[in-house]
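**Student:** This structure is in structure tokens; I'll ask about it shortly.
The values are calculated or read from the model by the stated rules, or taken from the named source; none is laboratory data. The structure presented is a predicted model; accordingly, all values stated were derived computationally and were not measured. Note: areas computed on protein heavy atoms with side chains; ligands, DNA, RNA excluded. Shrake-Rupley method; radii C 1.70, N 1.55, O 1.52, S 1.80 Å.
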Amino acid sequence: MQTNDFAGGANLPPAGWKRREQMEADERQALAPFAQKSGDSRGRKFPEPRHEYRTEFQRDRARIIHSRAFRRLEYKTQVFLNGTGDHLRTRLTHTCEVASVSRTIARALALNEDLAEAIALAHDLGHSPFGHSGEEMLAECMREHGGFEHNRQSLRVVELLERVYPAFPGLNLTFEVLAGLQKHAQATRPSLEAQIADLADEITYYSHDLDDALDFAILDGDQLDDSPIWQRSHERVAQRNPDLLGAELHKNIIRDIIDLQVRDVVATSAAAIAAAAPMSVQEARRQPEPLLHYSEELGAANRELRRFLYENVYYHPRVAEVNRRACEMLRTVFAAYVEKPEWLGDAAARRLESEGLHRTVCDYIAGMTDRYLLEEHARLVKSYVVNTT
Ligand code: MG
């Protein structure tokens, strides 16, 4: 007789429950030959028994979402200093958008949605407080000590810095998710699922940085008239809804931009995949060019949009000035810990011996939320650890 009791690990799931083996068989049937199947995962650095009713990549997704680093994304700046506006993107809402777009593209191309989603959810875990300015400042502080780069830091978070499981450091994610987070130093191209997460990252930030810049009133719609991407969607929206104006018009243009970008990637990549006709994951990764990409036309328009964002948004005084001041605090806090490591948190202090002073300070600060760093700065000032003169 079947039973609900999983505790012993020896019982079968009750009738009507889907077992992992069945899910793996479903993937083999539904996904493309070049999709990464969870049943073919190379497993984990520290071997663990597989789960009764969750695939390997589903488990990875859950481990990432339940991590502390993931929760801290809520209070980390994307572009606009965290807390300056309730509708502005944070690192967390950005990550949710990347995951959502990744799932859409993966499903449309019969690739592994769970894998693409897990990579997307983890892709920014290594971001420092204060967005890209924070990253630059931390890299500057670490110039003589091995540098700092958020992609590499995301790997440190999931391989070392998260401490949940008694048996191993980090989250012990599958090799496939870890490989998807490795932006550099890979002998072959990333898996198609990792390529998806990468493009979804770009698609979301192009569109939401425009959206937030309009919302924050550092851009107005007229300035965007020279952008071919904006123009095209503006015309399409005006055709469908000629009465829309102001913020409502802008929201619908942004929606249309996302839709066009995703459609373009799906159509262009489907054609590239059909032409290359890879018959396995390995074959897809050995292609001379990535199989996931935009059409040439959209690629050029996106480069133009990126240039526009750099020129008009990322270094706008209302963005750059607050970020600059925040980054000065980051530099001060960094120097204070290097001088007085006894002010570090307990978990960080325990890593001093194995990781060295500067790397430990860097990990500790990179993990901070914007507001924690501001609080910590105030605490160090109050305690005369930091000199304000
Ligand atoms: Mg990102």
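**Student:** Give the lysines whose C-alpha is closer than 25 Å to that of LYS76, dropping any in the same chain fewer than 8 places away, or say none.
**Tutor:** The reachable lysines, counting only those whose Cα sits under 25 Å from LYS76, are LYS183, LYS251, LYS382.
**Student:** Now for a separate question. Which lysines, if any, have their Cα less than 18 Å from the Cα of LYS18, not counting same-chain residues under 8 positions apart?
**Tutor:** In chain and number order, the partners are LYS37.
**Student:** What ratio of Cα Rg to 2.2 N^0.38 Å holds for the stretch 71-196?
**Tutor:** 1.11
**Student:** Stretch ALA30-HIS293 to full length: gain in nm at 0.36 nm per residue minus the Cα-Cα span?
**Tutor:** Gain on stretching ALA30 to HIS293: 92.4 nm.
**Student:** Starting from the Cα of LYS340, draw a straight line to each of the aspartates and glutamates and keep only those under 17 Å, dropping any in the same chain fewer than 8 residues away.
**Tutor:** GLU353, GLU355, ASP363, GLU376
**Student:** Okay, next question. What percentage of the solvent-accessible surface of the chain, computed with a 1.4 Å probe over protein heavy atoms, is contributed by carbon and sulfur atoms?
**Tutor:** Carbon plus sulfur share of accessible area: 51 percent.
**Student:** If a/c stays under 1.5 just call it rounded; otherwise compare a/b with b/c (prolate if a/b is bigger, oblate if not). Do that for the stretch 56-383, with a ≥ b ≥ c from the square roots of the Cα gyration tensor eigenvalues.
**Tutor:** Since a/c reaches 1.5 but b/c is at least a/b, the shape of the stretch 56-383 is classed as oblate.
**Student:** I would also like to ask the following. Scan the chain and note any complete DSSP helix (H) whose C-alpha atoms cover at least 30 Å along its axis and whose Kyte-Doolittle average is -1.0 or more.
**Tutor:** Helices meeting the criterion: 192-215, 246-276, 317-339.
**Student:** In deg cm²/dmol and to the nearest 500, what is the mean residue ellipticity at 222 nm of the chain if only DSSP H runs of at least 4 residues count, each as -39500 (n - 2.57), divided by the residue total?
**Tutor:** Result for the chain, helices only: -18000 deg cm²/dmol.
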